[in-house]
Each structure stands twice: as C-alpha cells, then as structure tokens.
Amino acid sequence: MKRVFCLVLDSLGVGAMPDAAQFGDVGAHTLDHLVEAAGGLDVPRLSALGLGSIDGVHSVTKSRSPEGAFGRARESSPGKDTSTGHWEMMGCPLEHAFPVFSAGFPPAIIDPFVKRSRVPGVLWNKAASGTEIIDRLGAEHIASGKPIVYTSADSVFQIACHETHFGLQRLYECSQIAREILDPYGVGRVIARPFVGEVGSFKRTYNRRDYSMPPPRDTVLDRLKKAGLPVVGIGKIEDIFAARGVTESIHTEGNRDGMRATIDVASKLERGFVFVNLVDFDMLYGHRRDSRGYRQALEEFDRDYVELEKQLRDDDLVLISADHGNDPTKHETTDHTREYVPILAAGKRVKGGVNLGTRDSFADIGATIEEALGLAPVGPGRSFYSAITTR
C-alpha cells in the first residue's frame, strides 16, 4: 500500500466493555442506542462495508456480502478519553490512567495559574457540561474577566473564555501557561474552549485548541515520520499528539470540513498516512445527548465517504474506527462511555467479508497501518493486514 487513511468517528462506541461497571457505564452502546432513540439510521455505504456485521451491533442492516473487513476492538488502557484512545490506537497504550480532578483543582494549581495568567481569579473549578457552564457563567465571566475553569470525568483542565471580551490569543496564552503548570501532575489535556455571542445566546466555536501531554513512548506516527513518510493530521490530531510525528496538520471546523479536507488531501497525496479525527460526533452530539443530531451526522458522513471513495486509488487502505464511546442516551452524565470501538477496513485490495472478531487492543489498528506502509510493526498491537488484503 502507498497510502493509508484512518478515519476516527470520535465517540462511536459499539457496546459496553466487560469492565464498564468500573466506569459507571454498564449497558452503554452508543451506536445501537442512538439509532433506537433517533428512529433509524440510513448509512448504506457503511452498511455495505460491514458495520451491521460487527459483533454486538444490532441497529444497522447487515450486508449479505460485506465489501469490507469488519470487527471491533477493546481498549487495553485504563480510560475512556480522547488521548488514551488515540495513543493506544497508534501503538502507545497506557498502564496507568491519567489523574482526574472531578471535585476541582487544588490551590497548588489554581493559584499559580491565576498569578501567571494575570487574571483576577477563576470561576467554577469543578466538573461541568461545557455548554451549560457558559450559559450559566458567561455573563459573570465577561463582567469579571475571570476565566471559566472546569473539568469532567476525563483528565482535562478546560478554560472557557469569550473570544471578543477576553480575547482568543489571550485564551491560548492562558492555556499554554496551564499546560506548563499541569505537566508535573500528569493531567492529560488542557483545552481552550472559546465562545462567542451575547447573554442568552452564547455559542462555542471551532477555535478550540487542545494542549496535550506528549505520548510517553514513540507512536506509529513517530515511526512513520522517521521512515520518511508523510503523516497528515486532520482535525485535532496534531493537538492530541502534542505535534509529534505529524508532518502536516490541517485544523478543521467540524465533520463536514474534516471530510472536505480529507478528500482534498486524497486527490493530491502520493504516499503516506492520513489520520483524521471527526469531532462533531462527540462534541456536538454525544456530550450534548443529542441522538437525532448524532444520526444526522452519521448519515452525512456516509454520503461524504462516498465522495472520498472517488479519490481513492487501487493501492489505498481505509480504516474507520473510534476512540471511545459517548452514549447519547445516558442522561445521568455527559461523560464518555467505556465501550468497544468499531473497525472497518476498505479498499480495492481488501478482502470482503473478513470478520476480525474482537481485537485485544486498539493498537492492532496502528500495527496494521505500519505493516501496510512497509514497516515492521514493533508492537504492542497485532497487525491484521495479512488477514484482510490480497497483497
């Protein structure tokens, strides 16, 4: 293969993992539950590839003769967040979970943040829904100049500020300061959450930026880059990997823009790896518990994928997966859910109807990408490349 595309449908889980009880996620199933709640799902291309044939998926029509290979993967790392899922996918599973501060960050973190950021203080400093907290505290933030700091069940320090009244670049500077302060604590990500609008109609923007801890070991991205291969990150990939292993980054404004960028890259790139995160599934629909919106986004992706296929070549491999779950029918929280993730493999040289079963780690995806691009996988994932291709 000369080119591999990996499309991450952010949060599209396909059923609770055996240890879901430890995460408060018994019975979660993002895909099946959103389809049931939204009254159906029309994704003919994903169905043809084998989405409905994945073990544990009951909501999608099964193809009698799937064109792609299909399966699911369990997460070996202890977590259910973006960084953990993406890092494991690229061959860097974690042995220990990132620390969380659901009750709020201590003065040892907040005090130097306030001093170095030169702000009069912070608002909230507890777990919260991002959209709800700006509705609740946006006016006070504007009047006081205090950033809204909040977290979740993930290891995140989120800073919400108004783009006009506080300033977008100032928000980014504050986020970089927070990243430096939080490094010794091992917090996974600092997320800048800008919003615009007036009281009663605040709206978050796509100027979000993630400031991540760097992966503790080399990833598939690092090894591909060292081998001289182009590695294109689309969406928030560069942020998730702290810019490591990426030779070109394209930040996008949602799923449709992400697929537009992917199609454009596919029309030009001669060789290499294209890693795409489609964040709207998670940010706009999973966290906001919007099953109908999630359904619509999946149907839009299905149509956009057909357009991508028009730019694919005979020696291309496409892998479609997810990084965690976010069951939109789980209304007691707005957090991610601990779920299996789907695997779909497509391309002219992919054997149709191959059932990959349940893989032991997301890292099998990364190992497959390495082998497809001519590298010898170094683990810990097990490549399924030979099982799905005619070579």
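General observations
- Applied to segment 293-299, the Karplus parametrisation 6.51 cos²θ - 1.76 cosθ + 1.60 on θ = phi - 60° returns per-residue 3J(HN,Hα) values of x, 4, 4, 4, 5, 5, 5 Hz, with x for Gly and Pro.
- Cross-link pairs exceeding 24 Å in C-alpha to C-alpha distance, out of Lys203/Lys310; Lys80/Lys126; Lys115/Lys146; Lys226/Lys310, comprise Lys203/Lys310; Lys226/Lys310.
- Residue-normalised accessible area of segment 240-346, given per residue in Å² at a 1.4 Å probe: 35 Å²
- Separation of the Tyr206 and Arg303 label points, Cα + 7 Å toward Cβ, nm: 1.7 nm
- Calculated FRET efficiency for the pair Arg382/Ser267, C-beta based, R₀ 45 Å, to 0.05: 0.85
- Rounded to 5, the percent of DSSP beta bridges in segment 196-295 classed as antiparallel: 10 percent
- Accessible surface of the chain [probe 1.4 Å, protein heavy atoms]: carbon and sulfur percent: 48 percent
- Cα centroid separation - segment 220-243 against segment 290-369, whole Å: 19 Å
- Column: log10 I(q)/I(0), Debye, Cα scatterers of segment 321-373, q = 0.27, 0.30, 0.32 Å⁻¹: -1.16, -1.29, -1.35
- Net charge of Cβ neighbours under 14 Å - reference Val306; Lys, Arg +1; Asp, Glu -1: -3
- Convex hull volume of segment 161-288 per residue (C-alpha atoms, cubic angstrom): 127 Å³
- Across every pair of non-identical alpha carbons in the chain, the mean reciprocal distance, once inverted, gives a Kirkwood radius of 21.1 Å.
- In range of the label at Ala37: residues from segment 57-91 whose backbone nitrogen is under 17 Å from the point 7 Å along Cα→Cβ: 58-60
- Where the alpha-carbon atoms of segment 233-280 are placed on the principal axes, they occupy 27, 24, 10 Å, in descending order.
- Residues in segment 65-90 that a label on Val26 would reach, taking backbone N under 18 Å of a point 7 Å out along Cα→Cβ: none
- Helical contribution to [θ] at 222 nm, DSSP H n ≥ 4, -39,500 (n - 2.57), averaged over the chain, rounded to 500: -9000 deg cm²/dmol
- The GluC sites (Glu not before Pro) of segment 273-373 that DSSP puts in a loop, and whose beta carbon has at most 11 other beta carbons within 10 Å, are Glu332.
- Summarising the strand pairing of the chain, around 35 percent of its internal DSSP beta bridges are antiparallel.
- Segment Leu375-Arg313, extension gain: residue separation times 0.36 nm, minus the distance between their alpha carbons: 20.3 nm
- Working note: Debye formula, equal point scatterers on the alpha-carbon atoms of segment 264-391, no solvent; log10 I(q)/I(0) at q = 0.11, 0.12, 0.17, 0.21 Å⁻¹ is -0.47, -0.55, -1.04, -1.31.
- Once the 1.4 Å probe is applied to the protein heavy atoms, segment 6-93 comes out at 32 Å² accessible per residue.
The values are calculated or read from the model by the stated rules, or taken from the named source; none is laboratory data. Just so it is clear, the structure is predicted and the values come from calculations on it, not from any experiment. With ideal geometry, Cβ positions are generated from the backbone for all residues, glycine too; neighbour counts draw on all protein chains shown. Please note that ligands, DNA and RNA were not included when accessible areas were found on the heavy atoms of the full protein model with its side chains. Shrake-Rupley method; radii C 1.70, N 1.55, O 1.52, S 1.80 Å.
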